[in-house]
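K.L.:
Have a look at the structure that comes next, please.
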Amino acid sequence: MRFLRQSLTGLFLLSLTLGLLVYAGLLVREAVEARMSQERRVPEARERVFAVNVVEAAPQTVTPVLTAFGEVQSRRALEVRAASAGKIVDLAETFEEGGQVRAGELLVQIDPGDAELALSRVQSDILDARAEQAEAEAALLLARDELHSAEEQAALREKAYDRQRDLLSRGVGTAASVETAELAASSARQSVLTRRQAVAQAESRVSQAATALQRAEIALAEAQRRLDDTRIVARFAGTLADVNATLGRLVSNNEQLARLVDPAALEVSFRVSTAQYARLLDGSGALTRAPVRVTLDVLGTGLVSEGVLVRDSAAVGEGQTGRLLFARLEAARGLKPGDFVTVEIEEPPLERVVRLPSSALDAGGRVLVLDAEERLEERPVTLLRRQGDDVLVRAPDLAGRSVVAERTPLLGAGIKVRALRPGAAAAPEEPEMLELSAERRAKIRAFVEANARMPDEAKARILAQLEQEKVPAQVVRRIEERMGG
């Protein structure tokens, strides 16, 4: 009986298995037939819409800024040179690299011994010349007095001669008396000529004495100048550079000892292209006195100074292009000659221009704008200036249009886009919420309450969320990942 029961049980199980296999085969065949009988569905083609950043084209008046690079230099610099040779016997305390000196301050004193001796000799020569001049003037007075006396005597002799001739004509006098009177008159005239010659010589001596005195005074001025050349003083207040003089050193004539620079009189020289230079000219062709801003970048901290454009170079220069301009700086705090700085010059204002990002303009001078259906179309524009990452353009029909700020190879005319305007806040996405079953909610609550590593504040916040009808899906997924479920 036992064998028969086990045999019947096995036969029953075999029959049941075969029946299930047949049923499964029928199901598979029906599924395949249903799949093959269905018509293939072609997915509906949908147009791709790109999201683009757009800016509003608003015409305005803009003052372009021309940017260049230049070097700071001093408008007033002086080479301190030795005007005479000799030994340095004295130096100013501030005669050092970077020393601040005042106008008229003694910088270097060269040994004045030889110059002082030469000056003393010339002063003695002047005393001699003045004495000679005084003696010549006195001799001239005496010579003139003697001439006057000789002229009086000659006049008396002439009168005596005339009287003797008158007596002879009346038969009273003699011929010998007339002859004697004539000889005396002739001798008197000869004496007058001699005295005149003496006066002329005395006048010549006075002239020579005056000339000698003038030469001595010239020599005195030269000796004084040579003595003054032993003292080197500061012509103006400034800072010393390239100092190479020491006490006791022998210097030669015209040797450079230092360089005096005025730190308050600074200017910047920079080179611009010819096109940029043309934009800085006024109607008469003269350079405008445009405002200038000079910046020296020092580890992110900029030293800024204001100035004004004053002049340009007279010639281009061999092997150079463009124009070399100069701007005078006012109150240049922290700047030194030789600094390499950034120069910004304000150009004349441009009216009715649109400022756009440089990425909105292609190489052909075209931009992409949105039409009424939010499709792209190209518009040609005129590029006027480039200002850093922006461009200044002008077009007749661009005012008020939405312009694509960033062009990509995927964008072109006719493409539909979704405009993203600056300042428009994106709508916040609502978090996904789940409705939990009582069993699942209890399981999560038990895990949170049993977690000893979770902070109390976080645990209280999660338990409060589990009390709600819907729980954030992100919170549920994060907890179940930790649970391993």
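K.L.:
Scan the stretch 54-73 and tell me whether some residue there is among the hydroxyl-bearing types (Ser, Thr, Tyr), more than 30 Å from Asp389 (Cβ to Cβ) and either within 32 Å of the chain's Cα centre (by Cα) or at pLDDT below 80 (or both).
P.N.:
So far as the stretch 54-73 goes, no, none of its residues is among the hydroxyl-bearing types (Ser, Thr, Tyr), more than 30 Å from Asp389 (Cβ to Cβ) and either within 32 Å of the chain's Cα centre (by Cα) or at pLDDT below 80 (or both).
K.L.:
Report yes if Glu158 is over 55 Å from the mean Cα position of the chain (by Cα), acidic (Asp, Glu) and surrounded by 13 or more Cβ atoms within 10 Å (Cβ to Cβ), otherwise no.
P.N.:
Considered against the rule, which asks whether it is over 55 Å from the mean Cα position of the chain (by Cα), acidic (Asp, Glu) and surrounded by 13 or more Cβ atoms within 10 Å (Cβ to Cβ), Glu158 comes out as yes.
K.L.:
If you don't mind, there's one more thing I want to ask. Tally up the residues in the stretch 355-403 that are within 19 Å of Asn53 (Cβ to Cβ) and of a type in the set (Lys, Arg), please.
P.N.:
5
K.L.:
Hey, does the stretch 211-233 have a residue that's free of Cβ contacts under 8 Å to residues at least 24 places away in the same chain and surrounded by 15 or more Cβ atoms within 10 Å (Cβ to Cβ)?
P.N.:
Within the stretch 211-233 (the criterion being free of Cβ contacts under 8 Å to residues at least 24 places away in the same chain and surrounded by 15 or more Cβ atoms within 10 Å (Cβ to Cβ)), the answer is no, since none of the residues qualifies.
K.L.:
Counting only residues that are modelled with pLDDT of 85 or more and basic (Lys, Arg), which one in the stretch 307-340 is least open to solvent (accessible area, probe 1.4 Å)?
P.N.:
Taking the candidates together, the pick is Arg323.
K.L.:
Examine the stretch 11-22 for a residue that is surrounded by 10 or more Cβ atoms within 10 Å (Cβ to Cβ), under 30 Å from Gln276 (Cβ atoms) and either of a type outside the set (S, T, N, Q) or at pLDDT 85 or above (or both), and state whether such a residue exists.
P.N.:
The answer is no; no qualifying residue exists.
K.L.:
Check Val369, Val304, Val343 and return the single one that is open to solvent by less than 70 Å² (accessible area, probe 1.4 Å), touching a Lys or Arg at 6+ places or on another chain (Cβ under 8 Å) and modelled with pLDDT under 90.
P.N.:
The match here is Val304.
K.L.:
Now for a different question. Return the residues of the stretch 416-450 that are open to solvent by 40 Å² or more (accessible area, probe 1.4 Å) and either modelled with pLDDT of 85 or more or closer than 30 Å to Pro64 by Cβ (or both); say none if nothing qualifies.
P.N.:
Within the stretch 416-450, Lys416, Arg418, Leu420, Arg421, Pro422, Gly423, Ala424 meet the criteria.
K.L.:
Got a sec? Which of Val101, Val89 is open to solvent by less than 50 Å² (accessible area, probe 1.4 Å) and hydrophobic (A, V, I, L, M, F, W, C)?
P.N.:
Answer to the check: Val101.
K.L.:
Identify the residue in the stretch 161-188 that is of a type in the set (Ser, Thr, Tyr) and more than 30 Å from Val206 (Cα to Cα) and, among all such residues, is surrounded by the most Cβ atoms within 10 Å (Cβ to Cβ).
P.N.:
Result: Tyr161.
The values are calculated or read from the model by the stated rules, or taken from the named source; none is laboratory data. Keep in mind the model is a prediction, meaning the values are calculated, not measured. A quick note on method: Cβ atoms are made from the backbone with ideal geometry, for glycine too, and the neighbour counts reach across all protein chains shown. Each accessible area value is taken on the protein alone, full model and side chains, heavy atoms only, with ligands, DNA and RNA left out. Shrake-Rupley method; radii C 1.70, N 1.55, O 1.52, S 1.80 Å.
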